[in-house]
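J.: Supplied in structure tokens, the structure appears directly below.
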Amino acid sequence: MIIGLPSETRWNIFETILFQWRLAILGVDNLPLYMFSPYPGSQLFRELLAKGRLGTLDDSYFKSLLQQIDFLRCESYNDKVPGWELAIYRLIGMSVGYVLTYTFHPLRIVRTLRNIFVRGQSDTVFEQRLIELRRNKKASRLSVKLPQAVS
């Protein structure tokens, strides 16, 4: 699901998040909220470019298209809702969505723990992020414990 489209209102965003939560209660596993990004070639890209809303189309613009990965960085192309507010909606929406998923489908907690600690493989994007976090922590602990080579 995408939030932050140029014409969206706060009410539209709220409806999207409510829909996400209903799907979580019904048992849908992956419920990410993506921030709108104007991709070259799309009609909204052309409209925003014509209005001068995109700035310079350099490497930093194309890197900004990856904002889905970074929860702290949110560019808004919506005149009504700033990026920081969209980031809050996204964080709350996804957090509550996962709480609802695990509350209404508690066996998923067992599956998630098994996937993270036993299998090391994921069934969902959320599990994949937790596995990556765990691997990164292990790698950082190992790099601290290993003696540095003397040159």
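J.: Taking a quarter of the surface of the Cα convex hull of the range 106-146, what do you get in nm²? It would help to have the intermediate numbers written out before the result.
T.: Details: hull surface 11.8 nm².
For the range 106-146, the mean projected area of the Cα convex hull comes to 2.9 nm².
J.: Also, quick follow-up: Report the normalised scattering of the chain as log10 I(q)/I(0) at q = 0.17 Å⁻¹, calculated by the Debye formula with identical scatterers on the alpha carbons.
T.: Values returned for q = 0.17 Å⁻¹ are -1.02.
J.: A follow-up question, please. How much mean residue ellipticity at 222 nm does the chain get from its helices, if each DSSP H run of length 4 or more adds -39500 (n - 2.57) and you divide by all residues, to the nearest 500 deg cm²/dmol?
T.: So the calculated ellipticity at 222 nm is -17500 deg cm²/dmol.
J.: Work out which helices of the chain, taken as complete DSSP H runs, extend at least 15 Å along their axis over the Cα atoms and score a mean Kyte-Doolittle of -1.0 or more, then list them. List each step's numbers first, then the result.
T.: Values: long enough: 10-26 (24 Å, 0.61); 83-104 (31 Å, 0.87); 125-145 (30 Å, -0.78).
Answer set is 10-26, 83-104, 125-145.
J.: Provide the gained length on full extension for the span Arg10 to Ser64, in nm with one decimal, where the gain is 0.36 nm per separating residue minus the Cα-Cα distance. Write out the running numbers ahead of the final one.
T.: On the way: separation 54, 0.36 × 54 = 19.44 nm, distance 2.29 nm.
17.2 nm is the gain from fully extending Arg10 to Ser64.
J.: Report the residue, chosen from Asp79, Asp59, Asp29, that carries the largest GNM mean-square fluctuation when the chain is represented by alpha-carbon nodes joined by springs under 10 Å.
T.: Asp59
J.: How many nm separate the modelled label positions at Ile109 and Ser122, each set 7 Å beyond the Cα in the direction of the Cβ?
T.: Distance between label points: 2.1 nm.
J.: List the residues whose amide H sits under 5 Å from the amide H of Ile2, counting only those 5 or more places along or on another chain, with H placed 1.01 Å from N in the peptide plane.
T.: Amide H neighbours of Ile2, under 5 Å, 5+ apart: Tyr34.
J.: If neighbour count is taken as other Cβ atoms inside 10 Å, put Ser76, Ser140 in order from fewest to most.
T.: Ser140, Ser76
J.: For the chain, how many pairs of lysine residues have a Cα-Cα distance under 29 Å, where the two are 8 or more positions apart or belong to different chains?
T.: Number of lysine pairs found: 6.
J.: Separate question: Arrange Phe14, Phe36 by Cβ neighbour counts within 10 Å, fewest through most, would you?
T.: Phe14, Phe36
Just so you know, all these numbers are worked out from the coordinates, no wet-lab data involved. Only a predicted model underlies this, so the values are computations on that prediction, with no experimental measurement involved. Neighbour counts are summed over all protein chains in view; Cβ atoms, including those assigned to glycine, are modelled from backbone coordinates with ideal geometry.
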